[in-house]
Amino acid sequence: MRSPTGRRRPSRCALACVCAIALARSSGTRAGDYFVNPSGTNGAFTTVQSAVDAVVGQTRTNRANIFLAPAEYVEHMTVDKPFVTFIGQGAGLEDVNISFNSTHASRGPWGAATLIGNSATAFMARNLTFENFAPDRNITAALALQSNADRAIFDNVQFLGYQDTLLVDGRARQYFRGSFITGDADFIFGDATAVFDQCTIESTDYGRLRPPTRHE
């Protein structure tokens with residue numbers, strides 16, 4: 001069928017096919033979905049790092065979603081790939097805990113239990129906890145998380161530690177919403193542009209926030 005301008009209009013059948021394909025792609029498990037469970041149930045990855053290592057082919061519009069079953073994952077974690085999302089499947093953010101005992105002295109340069117690297121552009125995490133359970137000795141940095149990723153988003157995430165709990169760095173842009181951060185010495189620091197929206201920030205001792213570094 002032609003329009004008044006003489007151009008052929010798409011048929012209703014063609015439009016229906018396009019819509020059907022779009023709906024099929026939006027429903028069910030996408031190729032970008034990964035599942036983690038310490039039990040290995042249904043072929044799930046048993047560690048968070050192994051799931052991250054397996055991620056391939058993700059894009060801005062087809063993210064790699066890593067679903068984490070309720071558990072404590074004791075592992076030293078690094079995310080170095082873009083467009084990755086961690087989604088805790090517990091009833092609350094404390095049900096999924098990614099933790100490690102790591103310090104500046106033992107692992108350097110900052111000793112972060114979890115590192116979100118510069119190449120992890122647009123990293124997202126939701127409904128889980130990052131923790132560094134190094135003892136509180138106020139001797140050296142013991143980061144729960146270091147994030148260098150630009151456009152990183154943390155939604156309903158808990159950060160637990162003592163000295164230098166959370167490093168927002170890399171001159172990146174990062175957004176924290178409805179999250180909880182606790183520590184007792186310089187526990188939020190770095191040179192990123194970070195927004196803390198409806199977050200709870202708790203000092204357990206004489207902790208303080210370091211003002212952002214300015215770059216002329």
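Computed from the coordinates by the stated procedures, all read-outs in this text should not be read as laboratory data. On a predicted model such as this, the values are computed, not experimentally measured, just so you know. Please note: Cβ atoms are built from the backbone with ideal geometry, for glycine as well, and neighbour counts cover all protein chains shown.
Restricted to strands (runs of 3 or more DSSP E) entirely inside the stretch 74-166, those with at least 3 residues that are among the aliphatic types (A, V, I, L, M) are 124-132, 152-160.
Taking the criterion of being closer than 14 Å to ARG126 by Cβ, out of contact with any Phe, Trp or Tyr (no Cβ under 7 Å at 6 or more places or on another chain) and of a type in the set (A, V, I, L, M, F, W, C), the residues of the stretch 42-91 that qualify are PHE86, ALA91. If I filter the stretch 165-179 for residues that are among the small types (Gly, Ala, Ser) and under 26 Å from PRO70 (Cα atoms), do I get at least one hit? Checked against the condition, which is being among the small types (Gly, Ala, Ser) and under 26 Å from PRO70 (Cα atoms), the stretch 165-179 yields at least one hit.
For the stretch 186-205, a residue qualifies if it is small (Gly, Ala, Ser) and part of a loop (DSSP other than H, G, I, E, B), and the qualifying residues are GLY190, ALA192.
For the stretch 170-191, the set of residues classified as under 14 Å from ALA122 (Cα atoms) and either buried (at least 19 other Cβ atoms within 10 Å of the Cβ) or touching a helix residue (DSSP H, G or I) at 6+ places or on another chain (Cβ under 6 Å) (or both) consists of GLY170, ALA172, GLN174, PHE176, listed by residue number.
The numbered conditions (1) within 11 Å of the chain's Cα centre (by Cα); (2) without any contact (Cβ under 8 Å) to a residue 40 or more places away in the chain; (3) surrounded by fewer than 21 Cβ atoms within 10 Å (Cβ to Cβ) are all true for ILE87 except (2).
Residues in the stretch 167-182 that are among the polar types (S, T, N, Q) and in a strand (DSSP E or B): GLN174, THR182.
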